Structure formats: C-alpha cells, structure tokens
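**Q** Before anything else, here's the structure in question.
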Amino acid sequence: MREGSIKTKIIRYVMAVSIVIVCLITSFMVAASFDTTDHTMLNTIEPMVKIASQNVSSNLHLLTERIYQLSESTEIKEMLSSDGEDPGIEAFLEGEANKVEFVWIGIYHTDGTKYTGYGNAPADISDRKYYEFLRETENIVIGEPAMQDDLIQLAVGIPLKTEEETAYYLVGSYKYDILNDVLSNMNLGETGTAYIVNEEGQIVGDKDIENIAKKVNVYDMYPGSKSRDMYEKVIGGQTGSQKITLHNTPHYAAYSPIPGTLWSLVIDVPVKEFKTRGITAAILGVVLAVVVLLIGQAMITRMVSGLTEHLRAATGRIEALSEGDLASAVNKAETGDEIEVLTTALARTVEQLNSYITNISYVLGELSGGNYTVQTTGEYSGDFAALKEALAVITDSLNRNMEAMRDTAREVAQNTDVVAERTKQMQQDSGEQMEAVTRLNESTNRIVSNIEMIIDSARRVKECSDATDSKVTQGNEEMAGLIANMDEISSNMDEIRQISGMIEGIAAQTNLLSLNASIEAARAGEQGKGFAVVAEEVRELAVQSANASAQTTKIIKNTSDTIQKGVEAVKAMEASLLEIAENTSRFSEITDNLEQVIVEQKAAAEDVKSDLEAVDQIAGGNADTARQTNAACEDFTRQAQMLTELVSQVRIRNA
C-alpha cells in the first residue's frame with residue numbers, strides 16, 4: 001500500500017477520527033464513571049454513617065438500659081437502704097454480672113470511692129471522666145473506652161438515689177467487643193475503616209484497638225488544613241460527606257454524631273478501592289474499543305479497497321490519456337455512487353477526445369495535402385466548441401490567404417513582364433544615350449580645338465595690336481589677311497553655335513529619359529529605388545549640361561559680336577589709319593578681354609567635356625543597371641511562375 005495512496009489516506013483519516021472519538025468517549029466515560037462513583041459513594045456513605053451512628057447509639061442505649069434496670073431493681077434498693085453493708089450485695093452483683101456479661105460491676109460513694117463491687121472494680125473512680133459527667137448530669141453516663149487489665153472496657157454509670165438524693169453511683173464495665181462488633185459489621189470495602197472520636201478528636205472507638213489504647217488524636221493522625229476543617233465539622237456534631245486526602249491518598253469520608261453521646265462516628269474509604277473497578281472497566285472499554293477499531297479497520301479496508309481499485313483503474317486510464325492513449329477502453333464501475341459517475345464521465349471524455357482528435361487529424365491531413373476545401377464536422381461540446389470554431393477560422397483564413405496569394409502571384413507575374421519590357425526599353429535608350437554622348441563628346445573636342453585656335457589667333461591679334469604703332473603701314477598690307485581670318489572666325493562661331501544647340505538638345509533628351517527612368521523605377525517599387533537615384537543624378541547632370549550649353553552659346557554670341565566689331569574696325573582701318581591709331585590702345589584692351597573670354601570658354605568647354613564623360617559613365621551604369629534589372633525581372637518572373645504553379649496545386653473553396 002503506497003504511502004500517499006488515497007486508500008491509505010482514507011483508512012488513516014477514518015482510523016484517526018475513530019481513535020480520537022473512542023479516546024474522547026472512553027475519557028468521558030472514565031471521567032463520568034469516576035464522577036458518578038464519587039457522587040454515588042458520597043451519597044451512599046452519608047446515610048450509611050447515619051445508620052451506623054444510630055446502631056451504635058442503639059447498642060449504647062442497650063447498655064444503659066441494662067444498667068438502668070439494674071439500678072431500679074428492688075433488691076439493690078433494699079440492700080442499700082439497710083443500715084450497714086448487706087453481706088448479700090456482692091453475691092447479687094456477681095449474679096447480675098454473669099447475666100449481662102459485665103467485666104466488673106461496682107457501687108461507689110459519691111466521692112468516687114468503692115462501696116462494694118464484683119470483679120476487678122477499681123477502688124476509686126474519681127479520676128475517671130465519666131465520674132465527672134455523673135456528678136454534673138446526675139444521669140446515666142457512658143464512659144469512653146479505656147484499657148484496664150489489658151482489656152479495652154466500656155464503663156456505664158448511673159446515680160443511685162434515696163429520697164431524691166444521690167447516695168451512690170452504680171458503674172458497670174462492658175467488654176469493648178460489644179461496640180467493636182458494630183464497627184466491624186460495617187461493610188467498608190477491603191481497606192475502609194470506621195472510628196469514633198470524642199469532642200476533643202481522640203479516637204474512642206476503632207477496629208484497631210491500638211488507636212484506642214494509645215489514645216490517638218485524629219488531628220495528629222491526619223494533619224493538614226483540609227482534614228482539620230473536616231474534623232472541626234465532626235467535633236461540631238455536623239453530619240456530612242466529602243472527598244478528602246489523608247496521607248496523600250484520596251478518601252471518601254462521612255461523619256455523623258452518635259445520639260446520646262458527645263461522640264461522632266467517622267467512616268473513610270480509600271477512593272482507589274472503589275475506582276479500581278472503574279479503571280478496570282475503563283481498561284476493558286479501551287480493549288473493547290481497540291477490538292472494535294480493528295474490526296472497523298478491516299471493514300473499512302475492505303470497503304476502501306473496492307473504491308480505490310476503481311479509482312486506481314480510473315487514474316491509470318487518465319495517466320494513459322495524458323500520455324496520448326485515446327484508444328484504450330475505460331472500465332466503467334457499476335457501484336451506483338460517485339465512482340460510477342466518475343468512470344462513466346471519464347469514458348465519455350475519452351470517447352469525445354478521441355472523436356475530436358480524429359476529426360482534427362483528418363482536417364490537418366487534408367490541409368497538409370493541399371485540400372483547403374475540407375470542413376470541420378462533428379459536435380464539439382462545452383469549451384471544445386471554441387476549438388472547432390478556431391479550426392474553422394484557420395481553414396477559412398487559409399482559403400482567403402491562398403486565394404489572395406494566387407491573385408498576387410498573377411499580378412506579380414504581369415507586373416514583372418511590364419517591368420522587364422520597360423527595363424529592356426531603358427537599356428536600349430541608355431545605349432542610344434551613350435552613342436549621343438559620344439558624338440557630343442567628339443563635338444566638344446572639336447570646340448576645344450577651335451577655341452585653342454581662337455586663343456592663338458587672339459594672341460596674334462594682340463601681337464599685331466602691340467606692333468600697330470610701328471607697323472601701321474604694314475597693317476594695310478596685312479588687313480586683307482586679317483579680314484579673312486575674321487571671316488573664318490565668324491564661320492567657326494556659327495559652327496560652335498550649332499554644336500552648342502546640339503548639346504542643349506542632348507541635355508533635354510537626357511532629362512526626358514531620366515524622368516521616364518524615374519517613373520519606371522517608381523513602378524518597380526523596392527527593386528527600382530537604386531535605379532531611381534541614378535536617374536535623378538542623370539537628370540541633374542542633363543540640367544547642368546543644358547545650363548552650360550546655354551552659357552556657351554551666350555559666350556559664343558558675345559565673341560561673334562566682338563569679332564564682328566573687329567571686322568568692322570578692320571574695315572574702318574582701311575578707310576582711316578588715323579582712326580586705327582587712335583583706337584589701337586582700345587583694340588589692345590579688347591584683344592586682352594577677348595583672350596580672357598576665350599580662355600574661359602576653353603575652360604567651360606573642358607568642363608562640358610568632363611561632364612559629358614561623366615554622363616557617358618552614368619549612361620554606361622544605367623545600361624548595366626538595366627541589364628541587371630532585366631536579369632532580376634527574369635528571375636522574379638520564374639519565381640512568380642513557380643508560386644503560381646504551387647498555388648494552382650492547392651484546392652480552395654472559391655476556385
């Protein structure tokens with residue numbers, strides 16, 4: 001039997017409760033038995049001591065009655081009334097003593113001296129306590145038992161009167177056995193005792209005559225405040241009973257005065273003598289309770305074994321269920337109690353769980369096989385209804401997601417084709433742009449070469465201008481050559497103007513192409529972000545090229561105007577050398593300005609050339625990007641086709 005099994009717990013709990021109940025009942029019964037014993041004993045010995053005191057009083061009365069009859073006899077009166085001692089009085093006393101069993105009998109004078117007597121009558125009784133009572137009461141007096149001639153005796157005296165006056169005292173002594181018989185006949189158990197005490201607490205009657213002979217006092221025999229309180233009541237003539245401890249031993253005590261005397265009868269019985277039976281009964285009760293507990297344990301064990309067997313089977317099935325066993329059957333208990341309810345509910349639970357798991361496995365298997373049209377069937381009770389709803393929500397969500405994925409795959413495939421087509425177009429445009437930039441670069445190179453020629457011409461013009469003063473005459477001869485050069489410069493300026501217009505057109509076309517590329521990059525989404533940045537840079541370069549070309553055109557126009565003025569000046573020089581001389585210095589300045597402008601034009605042309613090279617590199621990068629984008633689009637198209645094929649393998653409800 002396992003330490004923590006429910007069977008052990010039930011048996012331990014029931015036995016513990018039973019033991020506690022038995023202990024409580026036994027304790028209560030023992031306590032009640034002891035209390036009942038105390039109450040019964042106290043209520044029993046109090047009437048007993050009253051009856052015993054009455055018996056003692058009756059026996060004492062019998063003794064007094066005998067002495068009284070003897071004192072009233074005619075014979076003794078006649079003998080005492082004669083003058084002198086009657087010789088027949090002793091014989092009379094002897095005869096009466098033999099009748100009544102007096103130990104001794106005597107007639108005493110009023111002073112206590114013996115007048116006459118029979119037996120060992122003391123010669124003088126004046127020292128006896130009963131003598132004092134005789135004189136005080138002038139009535140019958142019973143003396144206290146006393147040791148005389150090695151025999152405990154009880155003396156009874158009565159006054160003998162003549163003419164209403166006491167003349168003598170008649171005293172007869174009885175054996176103490178007469179009183180002891182009364183005490184001995186009292187049934188006080190094995191160790192109980194009864195004794196008589198006088199008004200001073202001295203024991204005057206006891207089965208143990210040693211106490212009488214030694215004149216033991218109860219205050220000395222039983223010291224203590226509680227015992228003293230009781231003996232004060234005894235000596236005070238009260239009647240009662242109580243439980244008291246004497247010599248560290250509990251006793252039942254009862255006391256009552258003896259009528260006609262100054263004595264009181266006391267009975268004390270050890271408590272243990274009467275409670276031994278109660279203790280024995282309690283022990284027997286405990287033994288009986290243990291036997292009943294053992295029998296009850298056997299019955300409970302048998303009953304609990306049946307219950308725990310069903311519970312063990314149910315818990316074993318629950319453990320198997322927790323390990324995933326849904327196939328094993330549940331043994332239903334037919335006990336008609338909660339065990340049957342438990343096993344029936346467990347069987348129903350296992351069947352329902354098996355049904356749920358089977359249905360869920362079927363649905364998940366169909367979903368894993370691509371059949372998204374499957375439906376959750378069967379009834380799901382209680383909180384399992386939420387599981388059915390969740391499974392239905394999952395299948396519905398999968399259908400919606402797969403349908404959306406199918407539509408998205410189609411749109412992705414279509415958009416990928418568009419992007420690929422646009423990318424091819426952009427690649428083609430980039431190639432054309434590179435060719436145009438190449439041609440523009442060649443034209444720019446020619447412009448730079450012509451500008452260098454213009455610089456040389458301007459330098460020569462300056463040299464000529466510097467030598468104008470010394471060679472005015474030679475100037476006329478060389479005027480024709482100068483005019484021819486001017487015409488050539490004008491012609492070159494026209495050509496440069498045409499090239500600048502061409503550059504401006506290329507820049508506009510490049511700007512348009514970059515704008516188209518930005519639009520296509522925006523359509524391409526995340527993959528077109530890099531290309532959009534490149535297109536924006538190309539557009540900015542195109543704008544810069546257009547601005548530079550416009551500036552170049554403006555400079556060329558200014559230069560053409562200046563040359564034209566030079567031609568006009570040369571022609572004017574043909575008319576008047578004087579005017580040429582006057583304007584020589586101004587012409588020199590103009591020549592210097594022209595040289596500076598031409599140098600700046602050359603620098604601008606070189607910048608244009610550098611920008612064109614950058615544009616050419618950008619166009620090449622655009623072409624490479626377009627090729628990479630095209631390759632990515634082709635790969636994305638293949639992936640979209642694969643996604644479409646995968647989606648097409650799944651059956652959905654709205655397909």
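**Q** Of everything in the range 74-105, what is in contact with a strand residue (DSSP E or B) (Cβ under 6 Å, 6 or more places away or on another chain), part of a helix (DSSP H, G or I) and aliphatic (A, V, I, L, M)? Give them in sequence order.
**A** Ile89, Leu93, Ala97
**Q** Check the range 274-295 and report whether any residue there is at pLDDT below 90, surrounded by 13 or more Cβ atoms within 10 Å (Cβ to Cβ), over 30 Å from Thr36 (Cβ atoms) and touching a Ser or Thr at 6+ places or on another chain (Cβ under 6 Å).
**A** No: the range 274-295 contains no residue that is at pLDDT below 90, surrounded by 13 or more Cβ atoms within 10 Å (Cβ to Cβ), over 30 Å from Thr36 (Cβ atoms) and touching a Ser or Thr at 6+ places or on another chain (Cβ under 6 Å).
Yes/no matrix, rows are residues, columns are (1) crowded, with 18+ Cβ neighbours inside 10 Å; (2) modelled with pLDDT of 70 or more; (3) touching a Pro at 6+ places or on another chain (Cβ under 7 Å):
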{"position": "Arg446", "(1), (2), (3)": "no, yes, no"}
{"position": "Ser449", "(1), (2), (3)": "no, yes, no"}
{"position": "Asp456", "(1), (2), (3)": "no, yes, no"}
{"position": "Arg459", "(1), (2), (3)": "no, yes, no"}
{"position": "Thr468", "(1), (2), (3)": "yes, no, no"}
{"position": "Lys471", "(1), (2), (3)": "no, no, no"}
{"position": "Asn476", "(1), (2), (3)": "no, no, no"}
{"position": "Gly481", "(1), (2), (3)": "no, yes, no"}
{"position": "Met486", "(1), (2), (3)": "yes, yes, no"}
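**Q** Select from the range 424-433 the residues that are in contact with a helix residue (DSSP H, G or I) (Cβ under 8 Å, 6 or more places away or on another chain) and more than 14 Å from Thr625 (Cα to Cα) and list them in ascending order.
**A** Taking the range 424-433 as the starting set, the residues that turn out to be in contact with a helix residue (DSSP H, G or I) (Cβ under 8 Å, 6 or more places away or on another chain) are 424, 426-427, 429-431, 433.
Matches in the range 424-433: Gln433 only.
**Q** Okay, next question. Please work out which one of (1) in a helix (DSSP H, G or I); (2) among the aromatic types (Phe, Trp, Tyr); (3) in contact (Cβ under 8 Å) with a residue 24 or more places away in the chain is the condition Tyr108 fails and give its number.
**A** Condition not satisfied by Tyr108: (1).
**Q** Checking Thr116 against (1) in contact with a helix residue (DSSP H, G or I) (Cβ under 6 Å, 6 or more places away or on another chain); (2) in contact (Cβ under 8 Å) with a residue 40 or more places away in the chain; (3) outside any helix (DSSP H, G or I), only one condition comes out false. Which one?
**A** Result: Thr116 passes all but (2).
**Q** Separate question: Condition first: surrounded by fewer than 20 Cβ atoms within 10 Å (Cβ to Cβ) and more than 14 Å from Trp104 (Cβ to Cβ). Now tell me which residues in the range 161-184 satisfy that.
**A** We begin by selecting, within the range 161-184, every residue surrounded by fewer than 20 Cβ atoms within 10 Å (Cβ to Cβ); these are 161-167, 175, 177-178, 180-181, 184.
Within the range 161-184, Lys161, Thr162, Glu163, Glu164, Glu165, Thr166, Ala167, Asp177, Ile178, Asn180, Asp181, Ser184 qualify.
**Q** Could I ask something else about it? Inside the range 338-352, can you point out the residues that are among the polar types (S, T, N, Q) and either within 18 Å of Glu319 (Cβ to Cβ) or at pLDDT below 75 (or both)?
**A** Start the filter on the range 338-352 by keeping residues that are among the polar types (S, T, N, Q), which leaves 343-344, 349, 352.
Of everything in the range 338-352, those that are among the polar types (S, T, N, Q) and either within 18 Å of Glu319 (Cβ to Cβ) or at pLDDT below 75 (or both) turn out to be Thr343, Thr349, Gln352.
**Q** Tell me whether the range 122-142 contains one or more residues that are farther than 27 Å from Val56 by Cβ, of a type outside the set (A, V, I, L, M, F, W, C) and in contact with an Asp or Glu (Cβ under 7 Å, 6 or more places away or on another chain).
**A** Looking only at the range 122-142, we keep the residues that are farther than 27 Å from Val56 by Cβ, and these are 123-124, 126.
Next, only the ones that are of a type outside the set (A, V, I, L, M, F, W, C) stay: 124, 126.
Okay, now just the ones that are also in contact with an Asp or Glu (Cβ under 7 Å, 6 or more places away or on another chain), so 126.
Yes, some residue in the range 122-142 is farther than 27 Å from Val56 by Cβ, of a type outside the set (A, V, I, L, M, F, W, C) and in contact with an Asp or Glu (Cβ under 7 Å, 6 or more places away or on another chain).
**Q** Here are Leu70, Leu60: which of them is of a type outside the set (Asp, Glu) and at pLDDT below 85?
**A** Details: Leu70 fails: at pLDDT below 85.
Step by step, each of Leu70, Leu60 is checked, and only Leu60 is of a type outside the set (Asp, Glu) and at pLDDT below 85.
**Q** Take the range 509-554 and flag every residue that is among the hydrophobic types (A, V, I, L, M, F, W, C) and free of Cβ contacts under 8 Å to residues at least 24 places away in the same chain.
**A** Restricting attention to the range 509-554, the residues satisfying the condition of being among the hydrophobic types (A, V, I, L, M, F, W, C) are 512-513, 515, 517, 519, 521-522, 524, 531-535, 538, 541-543, 546, 548, 550.
The answer is Leu512, Ile519, Ala521, Ala522, Ala532, Val533.
The values are calculated or read from the model by the stated rules, or taken from the named source; none is laboratory data. In this text the structure is predicted, and so the values were computed from the model without any measurement. Please note: Cβ atoms are built from the backbone with ideal geometry, for glycine as well, and neighbour counts cover all protein chains shown.
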